[in-house]
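The values are calculated or read from the model by the stated rules, or taken from the named source; none is laboratory data. Because the structure is a prediction, the values reported are computed rather than measured. Cβ: placed from backbone, ideal geometry, glycine included. Neighbour counts: every protein chain shown. These accessible areas exclude ligands, DNA and RNA; they are computed on the full protein's heavy atoms, side chains included. Shrake-Rupley method; radii C 1.70, N 1.55, O 1.52, S 1.80 Å.
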Amino acid sequence: MQEVSRSGAADELRLDALIADLWWRVRLINTDILEEEARAGVFDPVQPTYPLLALNLRARRDNLVATIGVLELRAKSVSEAA
């Protein structure tokens, strides 16, 4: 029985570390988006001259944020089960 609780705690720590790492990556991508917008001088994504790289980075960031949401729900269920 004790082995199960150790495994749950380890899973929770791994999920927490993964979530923290993904948030760090989101911050990096946000910085890259700002730099690309500044380089192009266009800050509105609906403008036709908005940089394609910034659009792609926004999509990647949004996907990561959605993934983080799912992982946070999973981490919550793991901590409640422990």
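A few notes on this one:
- Answer residue from region 55-69, given it is within 14 Å of Leu28 (Cβ to Cβ) and of a type outside the set (A, V, I, L, M, F, W, C) and is surrounded by the most Cβ atoms within 10 Å (Cβ to Cβ) among those: Arg61
- Cβ pairs under 8 Å, 6+ apart, first in region 61-82 and without any contact (Cβ under 8 Å) to a residue 24 or more places away in the chain, second assigned to a helix (DSSP H, G or I) and of a type outside the set (Lys, Arg): none
- Filter result (without any contact (Cβ under 8 Å) to a residue 12 or more places away in the chain and open to solvent by 70 Å² or more (accessible area, probe 1.4 Å)) within region 32-54: Leu34, Glu35, Phe43, Val46, Gln47, Pro48, Thr49, Leu52
- Val78 in contact with a Gly (Cβ under 8 Å, 6 or more places away or on another chain), part of a helix (DSSP H, G or I) and either open to solvent by 60 Å² or more (accessible area, probe 1.4 Å) or of a type outside the set (Ser, Thr, Tyr) (or both): yes
- Just one residue in the set Arg39, Arg74, Arg61 is out of contact with any helix residue (DSSP H, G or I) (no Cβ under 8 Å at 6 or more places or on another chain) and of a type in the set (Lys, Arg); that residue is Arg39.
- One residue from Leu53, Leu34, Leu73 being at pLDDT below 95 and either of a type in the set (Lys, Arg) or under 23 Å from Trp23 (Cα atoms) (or both): Leu73
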